[in-house]
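K.L.:
The structure that follows is given in the form of structure tokens.
Since every read-out is calculated from the coordinates, none of them should be taken as a lab result. In this text, all values refer to a predicted model and were calculated from it rather than measured experimentally. Every residue, glycine among them, receives a Cβ derived from its backbone with ideal geometry; neighbour counts consider all protein chains shown.
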Amino acid sequence: MNEANEDRFVTYCGVYCGSCHLRMAGVERDERHLSPRAAKLDAAEKAYWTSCPGCRSGEHRADCEFRICAAAKGHEHCIHCEAFPCKLHVEFNSDGVPHHAGAQASLELLKEIGAEAWLDHQRRKWSCACGARLSWYLPHCLECGAASVPCVTRREARGPENPAA
């Protein structure tokens, strides 16, 4: 399923926010997308994140360092900067947040194949064979139950509250 104005998911940092677990919980009105940590957010914070239109929309994450830097340099994406990958990208990619890992490689792919092909790649990567959309921390499809390849290990996806799930 394609969303209107999907180019807003071509982020500065390289994360495909079209598969964000918080955003997907809001779009699909299904909190099963949430990671165990995100499920514990207070109502106001959960509402903020589940209504996210994407950082490129101009309506969210005005404090994003990648966005601020790219805009200051007049770049549409960080990949257009001569300093890419800079220290900020290297640190982000290795900060221990599971959905940040691979962001730099994702930006390099974007640079190689262009935004339209990158979006198509991301849509395929984050879709189940049954057509349902997947989010970052799902170990299985919520529609058909097929195993998915989340951005985290099975142990991390289960969380300490549900070690057998």
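K.L.:
Taking amide H atoms as placed 1.01 Å from N in the peptide plane, list the residues 5 or more away in sequence, or in a different chain, whose amide H sits under 5 Å from that of H140.
P.N.:
S148
K.L.:
If the only charges are +1 at each Lys and Arg Cβ and -1 at each Asp and Glu Cβ, what is the size of the charge dipole of the chain around the Cα centre, to the nearest 20 debye? Provide the component values of the computation, followed by the final result.
P.N.:
On the way: 20 positive and 22 negative charges, 74 e Å.
In total the dipole reaches around 360 debye.
K.L.:
Something else: For S127, what residues show an amide H to amide H distance below 5 Å, using hydrogens built from the backbone and excluding near sequence neighbours?
P.N.:
L134
K.L.:
Taking every pair of alpha-carbon atoms in the chain, what share in percent sits in each 5 Å bin, from 0 to the bin with the longest distance?
P.N.:
1, 9, 17, 21, 22, 16, 9, 4, 1, 0
K.L.:
What does the helix-only formula give at 222 nm for the chain: each DSSP H stretch with n ≥ 4 adding -39500 (n - 2.57), the total divided by the residues, and the result rounded to the nearest 500 deg cm²/dmol?
P.N.:
Value at 222 nm, helices only, nearest 500: -9500 deg cm²/dmol.
K.L.:
Further, regarding this structure: On full extension of the chain, what length is gained from E65 through V90, given 0.36 nm per residue of separation minus the C-alpha to C-alpha distance? The partial results should precede the final answer.
P.N.:
Values: separation 25, 0.36 × 25 = 9.00 nm, distance 1.33 nm.
Gain on extension, E65 to V90, equals 7.7 nm.
K.L.:
Please name which of C52, H33, H99 has its Cα lying farthest along the dipole of region 6-158 towards the positive end, using unit charges on Cβ (Lys, Arg +1; Asp, Glu -1) and the Cα centre as origin.
P.N.:
H33
K.L.:
Each label point is 7 Å from the Cα along the Cα-to-Cβ direction; what then is the distance between the points at K40 and E112, in nm?
P.N.:
Label at K40, label at E112, 3.8 nm between them.
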